Amino acid sequence: MLSPDKNVVRDLISTHRELREHVRSHPGDTDRRRRLEDSSYTLCVIMGERSVGDAMDAAERHVHQPEGGLTAPPAQGGRTAKAQPN
C-alpha cells in the first residue's frame, strides 16, 4: 500500500485546521467554506477514510509514525519483491 508523503499530510492538517477555525468565526465566507470542504475531501481520500474526523485522526497518526516503514529492492526480472520489515 502506498503511503502519503508526511510533509503533504502535515500541510493538509494545518490548512484544514486554519480553514475550520476561520469558517467557525466567519460562517458567511463562502470561499473559505468551499476550500474547507475541498481540504476535507482531500484528507479523506489521501488517508482512506470516510469521515473528516477519522481522516484527521489517521493523518495525525501517520505524521507521528516513525520513519522506516516497509521497503523492498526490485526483484530480478523487473518485478518488485514482497516488502519486508527493515
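The values are calculated or read from the model by the stated rules, or taken from the named source; none is laboratory data. It should be emphasised that the depicted structure is a prediction, and the values quoted were computed from it without experimental measurement. Quick reminder, even Gly has a Cβ in these numbers, built from the backbone with ideal geometry, and neighbours come from all protein chains shown.
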Are there any pairs with C-beta distances below 7 angstrom linking a residue in the range 18-29 that is under 14 Å from Ser40 (Cβ atoms) and polar (S, T, N, Q) to a residue that is at pLDDT below 95 and part of a helix (DSSP H, G or I), with the two at least 6 apart or on different chains, and if so which? none
Take the range 34-50 and flag every residue that is under 19 Å from Ser3 (Cα atoms) and in contact with a helix residue (DSSP H, G or I) (Cβ under 8 Å, 6 or more places away or on another chain). Ser39, Ser40, Thr42, Leu43, Cys44, Ile46, Met47, Gly48, Glu49, Arg50
Among the residues of the range 1-14, is any in contact (Cβ under 8 Å) with a residue 60 or more places away in the chain and either surrounded by 13 or more Cβ atoms within 10 Å (Cβ to Cβ) or not in a helix (DSSP H, G or I) (or both)? yes
